Amino acid sequence: MTGSILGSPESWLDEHGAALYKYALMHTRDQHRAEEAVQETLLAALQARDRFSGGASARTWLIGILKHKIVDMFRHDAREVQLEDPEEEAYLDEDEIDAMFIPNGHWRVKTAEWGDPEDLLERGQFMEILQRCLDALPPRLARLFMLREVMEEDSEKICQELAITPTNLWTMLYRARLGLRQCLDRNWVGHAVHAAARG
Amino acid sequence: MLTCKDASRLISENLERRLGFWERMGLRMHLWICVNCRRFERQMNFMHAALRKLGKRAEVADDSTEFPPEARERIRKALAERCEHDHTH
C-alpha cells in the first residue's frame, strides 16, 4: 500500500519538484544550490524508499530529507569558507545595537504596537514583506536564523553541526531578530499602524 | 535593575534556552514596569510565530514558484541514471 502512496521517483519530481525547489531556494538563496539540494534529496529518497513508512505524506517525507540536505550543505560551507566575514560582522554589531538605546539603557525610539498578530499573519502581503526582510539580512546570518526559526532546527544541533558556541549562536540570533524587527517596522507594520491611525 | 538592552537580549534568549531563576525574575520585573519592552517581547513572539508559519507554508507550497525546466530535466536525468544503475547491479 505504501508504494502506491509514495509513487514512482518520476512522479516525485512532477508532484513535489516545484515545492521542494521553492523550499530549497528559500533557504539557499541560490538557484544552483537549490537544484543541487533537490537532486540530492530525490536520489536519497530513491535509496531510502523502502524506509518510507506511509505514516506521513510523501511531501512531508521528502521535505524532511531536503532539510537534512540543506543542513549538510550549510555545515559543509561553514568548514570551507572562513568564518569571519567583515561585512557580516559589521551588520548590527555591538556599536549599532548600542545605538538603539540611550546611554542609560532605555530604548532610543519607542517600540511600536504591531497590532493583532492573527490578523497580520492571515495577510499574504505580510508574509511577502517578511520574506523580503529575511532576504535583506546578510546571507550567513540569514541562513543561521532561518535554520533555527523557519526550519525549526534544534539550537544544540545547530551549534554542534556548525561548530559554534551557544553564546555565539544566541548573539547571532539576537542580531538577526533586531535586524528583522527593524525592517518589518519600517516596511510594513509602521505603515499599517499609521494607516489605521489615519483611517 | 535590568536595562532595556539587557531585557531585549533576554527576551531573545528566552526563545532559545530556559532562563535562569534570577534572569527570569529580573526580566519579569522589568517587563512589569516597561511598556516598550513589553511591546518588544510581543514583536519577538510575533516574529517567531510568523517565521514558523512561513516554514509550514513553504512545505505545502504548490507550483507557485518557477521551477526552471532545465533544472527539472537535469534532475530527471540523474534520477533515471540512478534507477538504471540500480537495475543493472
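I'd like the mean, over residues of A:121-133, of how many other protein chain beta carbons sit within 10 Å of each residue's own Cβ.
Mean inter-chain Cβ contacts per residue within 10 Å come to 2.
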Within 10 Å of each Cβ of A:27-38, how many other protein chain Cβ atoms are there on average?
-> 2
Mind telling me which of A:Q47, A:Q160, A:Q31 comes out most flexible in a GNM of chain A, alpha-carbon contacts under 10 Å?
-> A:Q47
Cα-based Debye curve of region A:2-80 sampled at q = 0.21 Å⁻¹ gives log₁₀ I(q)/I(0) of -0.88
What cysteines in chain A have no other cysteine with a beta carbon less than 4.7 Å from their beta carbon?
-> A:C159
Cα-based Kirkwood hydrodynamic radius, the protein assembly as shown, one decimal, Å = 21.0 Å
Peptides ranked, highest mean first, by Cβ atoms within 10 Å: ranges B:75-81, B:49-55, A:163-169 | B:49-55, B:75-81, A:163-169
Hydrodynamic radius by Kirkwood for region B:1-62, inverse mean 1/r across distinct Cα pairs, in Å, is 12.7 Å
Place the peptides A:133-139, A:104-110, B:66-72, A:19-25 in order of packing, highest mean first, counting for every residue the other Cβ atoms within 10 Å and averaging per peptide.
-> A:19-25, A:133-139, B:66-72, A:104-110
For chain B, can you list the cysteines whose C-beta has no other cysteine C-beta under 4.7 Å from it?
-> B:C4, B:C83
Where the centre of each part is set by its Cα atoms, how far does region A:132-190 sit from region B:1-77, in angstrom?
-> 8 Å
Okay, helix-only estimate at 222 nm for chain A: each DSSP H run of n ≥ 4 adds -39500 (n - 2.57), divide by all residues, round to 500 deg cm²/dmol; what do you get?
-> -22000 deg cm²/dmol
Take the Cα atoms of region A:86-198, find their three principal axes, and give me the spread along each one in whole Å, biggest first.
-> 50, 37, 22
On average, how many beta carbons from a partner chain sit within 10 Å of the beta carbon of a residue in B:10-21?
-> 3
Quick one: among A:I63, A:I158, A:I97, which has the greatest mean-square fluctuation in a GNM of chain A with alpha-carbon springs under 10 angstrom?
-> A:I97
For B:K56, the lysines lying under 27 Å Cα to Cα, once residues fewer than eight places off in the same chain are dropped, come out as A:K22, A:K67, A:K69, A:K157
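Every number here is computed from the coordinates shown, using simple stated rules; none is lab data. Because the structure is predicted, anything quoted here is derived from the model rather than measured. Note: ideal-geometry Cβ built from the backbone for every residue, glycine included; neighbour counts use all protein chains shown.
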